Amino acid sequence: MPGHFADDARLGELEERLGVRFKDRSLLRLALTHSSYLNENPLESLESNERLEFLGDAILGAGIGHHLFHDAPEAEEGDLSAIRSHVIRERALALAAGRIGLGSYLTLGRGEVANGARGRPSIVADAFEAVIGAIMEDQGYEVASEFVVRCLEPELAAAMNAAKDPKSLLQERVQANGAAPPVYRVLQEDEQDEYGRFTVEVLIAGNAIATGVGRRKLDAERMAAGKALESEGFAVTPTDHCVSGPNDDDN
């Protein structure tokens, strides 16, 4: 039935998708139990996943922060905070949960099932945090942190690329394709402007790709690099690292 607990076979299937084999499966079952089921079944002596969600939220922030500290040694504190905020937001967690197919394993009240809760971002994002908490309790911080980084790698990659200086990012992409570094050429410098104004073009393999304008030469170069990234399709589309799950919609 839609609101009932996942049996051992289903939990084993979910463990495969998570890449974690639980020592105590009752923790995983608890992580999947939404409060709406308890509200509709008050006579059952049960607990919801909310406490595990609280724990998972703490591990999520710490795991992403620890990863960024080591993986982005040149990034400043403000940039690190911005990247982390992007990765731990509800939308990112819901996307990760969707790749696992987490919604289809949740134990929900019938009312929530009828209202499409299995695909609701807030529900699956909270459950994802609860699963992190369950992994922490069952396997410890290292395994839980590794799970966080692995399942959120697409969001991490996108956020880190967005935070990079476009000139550095363009150079990485160009050289990865075996070409020489981009060349920036000043096309115009308007000395009549009170603040000065530069127009710069960026060339790749001798071909003019894009132009940028700025009060400083560096600003114009960054604008040109950003436009080149868009026009040449250098933006990264990260590979999903969590297994795609079944459709979360109820039949």
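The values are calculated or read from the model by the stated rules, or taken from the named source; none is laboratory data. Quantities reported herein were computed from a predicted structural model and do not represent experimental measurements. No Cβ is skipped: glycine too gets one built from the backbone with ideal geometry, and neighbour counts run over all protein chains shown.
Couple of notes before you dig in:
- Filtered residues of region 42-57 (kept if in contact (Cβ under 8 Å) with a residue 40 or more places away in the chain and of a type outside the set (D, E, K, R)): 49, 52, 54, 55, 56
- Some residue of region 66-74 being assigned to a loop (DSSP other than H, G, I, E, B), surrounded by 14 or more Cβ atoms within 10 Å (Cβ to Cβ) and modelled with pLDDT under 90: yes
- Listed by first and then second residue, the pairs linking a residue in region 166-187 that is without any contact (Cβ under 8 Å) to a residue 24 or more places away in the chain to a residue that is charged (D, E, K, R) and surrounded by 15 or more Cβ atoms within 10 Å (Cβ to Cβ), with Cβ atoms under 8 Å apart and 6 or more places separating them unless they lie on different chains, are 185/201.
- Restricting the search to helices (runs of 4 or more DSSP H) fully inside region 93-173 and requiring at least 1 residues that are among the small types (Gly, Ala, Ser), in the same structural domain as residue 24 (by TED's automatic domain parsing) and buried (at least 19 other Cβ atoms within 10 Å of the Cβ) gives 121-139, 141-151, 153-163.
- Taken together, 221, 232, 194, 189 contain a single residue that is in contact with a Lys or Arg (Cβ under 9 Å, 6 or more places away or on another chain), modelled with pLDDT under 85 and either buried (at least 16 other Cβ atoms within 10 Å of the Cβ) or more than 24 Å from residue 84 (Cβ to Cβ) (or both), which is 232.
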